[in-house]
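Worksheet for the structure shown next.
Each value in this text was obtained by applying a stated rule to the coordinates, not by laboratory testing. None of the values given here were measured: they were computed from a predicted structure. All Cβ positions, even for glycine, are placed from backbone atoms using ideal geometry, and neighbour counts span all protein chains on display.
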Amino acid sequence: MIKDYAQLSSMEIDTLREIGSIGTGNAATALSQMMNRPVSITLPEVRIMEYNEAIEWIGGPEEVTAGVLVKMSGDVGGIMLSVQKLELVNVVLSTMLGESIDSYENLTELERSAMIEIGNIMISTFINAMSGLADLDIKLTVPAFAVDMQGAILTVPMAEYGGMSNYLMAIGGNFVCDGKEVPCHLLLSPDLRSLEFLLRKLGVSDV
Amino acid sequence: MKTLQGEGVLITYALGSCIGLCFHDPRLRLGALLHIMLPLNMETGRTHPLKYADTGIKETLKALEAKGASRARMTVKIAGGAKMFEVSGGGGLGNIGQRNIESVHAILKRENLHLIGEHTGGTVARTLLFDVVSGQACIRSYGQKDIIF
């Protein structure tokens with residue numbers, strides 16, 4: 001029984017990395033279709049890290065960001081969080097709505113729903129890739145949205161599963177669109193039983 | 001948990017559903033700032049006592065009393081316990097903040113601690129600053145005026 005992410009073997013971590021690559025690749029394709037222009041992604045970085053480390057990794061606790069969150073249930077339970085940096089949001093907004101924003105303040109309803117949609121696409125393509133690969137049935141809640149300090153946003157999966165583990169899986173990559181590179185961050189925090197189930201389904205768990 | 005005596009300001013960043021507790025002994029100019037994440041410690045090994053309201057408050061009191069603080073003089077101010085996301089159909093998700101508030105209240109009462117200031121609940125994250133000399137606390141939030149209490 002896995003008690004902590006720190007106990008994962010290197011083969012298991014490699015498998016999670018692979019899921020991360022495929023998932024973000026699919027997300028780039030989905031974004032590209034939505035905007036009707038090419039979007040590629042740099043090789044994503046997939047890391048298992050501690051929460052405090054994850055907060056530093058995305059830019060410090062007090063920095064304000066937009067977060068889109070869904071809860072997974074079914075074969076895999078857990079939380080997935082997409083952290084929307086302004087650069088990424090602006091690439092989509094300028095293509096779709098012909099406008100850009102310089103802060104998260106005073107968002108219009110349209111800008112807000114565009115942000116939720118970006119997060120939704122990122123998360124659901126990622127989950128689709130993962131469930132397709134491992135033949136899983138995963139249900140997602142309707143995405144929830146918040147603009148606030150990212151330290152507090154990241155605490156949500158942390159508090160939900162913090163009693164069991166201090167680690168989460170962070171996936172980071174850069175989308176390249178019209179010659180511009182914009183960062184994207186996804187955080188996946190499955191409950192540990194689900195993680196074990198996932199790895200067993202993929203045939204890499206030795207338990 | 002951080003303690004400080006003499007002068008200075010303690011700070012904890014971006015409290016969402018977490019709660020920040022400022023303990024103050026005015027005579028000793030001694031303060032402690034505790035940041036808890038969950039209401040109750042149910043860990044088997046209890047390797048992270050400061051993460052939980054119950055064991056965190058106990059540890060903090062132990063540290064302060066070791067420095068000569070008196071529980072009768074001590075005052076407490078708390079902030080945090082917000083609900084960051086409204087997830088429809090998410091079950092218990094997002095209620096952690098409320099559970100933290102209730103747990104902290106119950107434990108402070110049980111430990112006979114004097115709660116003199118509180119800014120909890122809501123949907124906005126808070127950064128909490130605490131001056132160990134005056135005992136004054138300040139909350140910084142995104143897009144809002146600072147609150148001093």
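The share of Cα pairs per 5 Å bin across chain A, counted from zero up to the longest distance, runs 1, 7, 16, 21, 21, 16, 10, 5, 2, 0, 0 percent. Positive-end ranking of A:HIS185, A:THR95, A:GLY74 along the dipole of chain A, with charges on Cβ about the Cα centre, is headed by A:GLY74. Charge tally for A:GLU160 (other residues, Cβ to Cβ under 11 Å; Lys, Arg +1; Asp, Glu -1): 0. Modelled spin labels at A:LEU97 and A:GLU63, positioned 7 Å past Cα toward Cβ, are 2.3 nm from each other. When a/c reaches 1.5 or more, the comparison of a/b and b/c decides; with that in mind, is the range B:66-149 rounded, prolate or oblate per its Cα gyration tensor? The shape class here is oblate. Dividing the alpha-carbon radius of gyration of the protein assembly as shown by the rule-of-thumb value 2.2 N^0.38 Å gives 1.05. For the range A:97-142, the set of GluC sites (Glu not before Pro) satisfying both a DSSP loop assignment and a count of at most 14 other C-beta atoms within 10 Å is given as A:GLU99, A:GLU105.
In terms of distances greater than 18 angstrom between alpha carbons, the cross-link table entries B:LYS83/B:LYS109; B:LYS2/B:LYS67; B:LYS2/B:LYS51; A:LYS85/B:LYS83; B:LYS2/B:LYS77 yield B:LYS83/B:LYS109; A:LYS85/B:LYS83.
What is the Cα centroid distance between the range B:37-59 and the range B:119-149, reported in whole angstrom? For the range B:37-59 versus the range B:119-149, the Cα centre distance is 24 Å. Peptide B:11-20 is shielded by partner chain Cβ atoms: per residue, an average of 5 of them sit within 10 Å of its Cβ.
For the range A:3-64, the square roots a ≥ b ≥ c of the C-alpha gyration tensor eigenvalues yield an a/c of 1.5 or more together with a/b not exceeding b/c, which makes the shape oblate. The mean sequence distance of close C-alpha pairs (under 8 Å, at least 6 residues apart), as a share of the length of chain A, puts its relative contact order at 36 percent. At an R0 of 22 angstrom, the distance between the Cβ atoms of A:SER32 and A:ARG112 translates into a FRET efficiency of 0.45.
For chain A, the longest principal axis of the Cα atoms and the long axis of helix A:109-134 meet at an angle of about 30 degrees.
Loop-located trypsin sites (Lys or Arg not before Pro) across the range B:1-32 with a Cβ neighbour count of 14 or fewer within 10 Å are B:ARG27, with loop assigned by DSSP.
Measuring from label point to label point, each 7 Å out along Cα→Cβ, what is the A:GLU45 to B:THR123 span in nm? Taking the two extended label points, one gets 3.3 nm. Rounded to the nearest 20, the Cβ-based charge dipole of the range A:5-201 about its Cα centre (Lys and Arg +1, Asp and Glu -1) stands at 520 debye. Take each residue of peptide A:139-152, count the partner chain Cβ atoms within 10 Å of its Cβ, and average: the result is 6.
So which trypsin sites (Lys or Arg not before Pro) in the range A:105-185 pass both tests, a DSSP loop state and at most 14 other Cβ atoms within 10 Å of the Cβ? Loop-located and lightly packed - none at all. In order along the range B:4-20, phi translates into HN-Hα couplings of 8, 10, x, 8, x, 10, 9, 9, 10, 9, 6, 6, x, 6, 5, 10, x Hz, rounded to whole numbers, per the Karplus curve 6.51 cos²θ - 1.76 cosθ + 1.60 with θ = phi - 60° and x for Gly and Pro. Applying 1/(1 + (r/R0)^6) with r as the Cβ-Cβ distance of B:ILE147 and A:ASP135 and R0 = 51 angstrom yields a FRET efficiency of 0.50. Quick check on chain B: take the gyration tensor over C-alpha atoms, sort the square-rooted eigenvalues as a ≥ b ≥ c, and tell me if it's rounded (a/c under 1.5), prolate or oblate. Here chain B falls in the oblate category.
Using a simple spin-label model with pseudo-atoms 7 Å out from Cα toward Cβ, A:ASN52 and B:MET42 lie 2.5 nm apart. Sorted fewest first by neighbouring Cβ atoms within 10 angstrom, A:LEU97, B:LEU34, B:LEU28 come out as A:LEU97, B:LEU28, B:LEU34.
In chain B, Cα pairs under 8 Å separated by at least six residues give a relative contact order of 31 percent.
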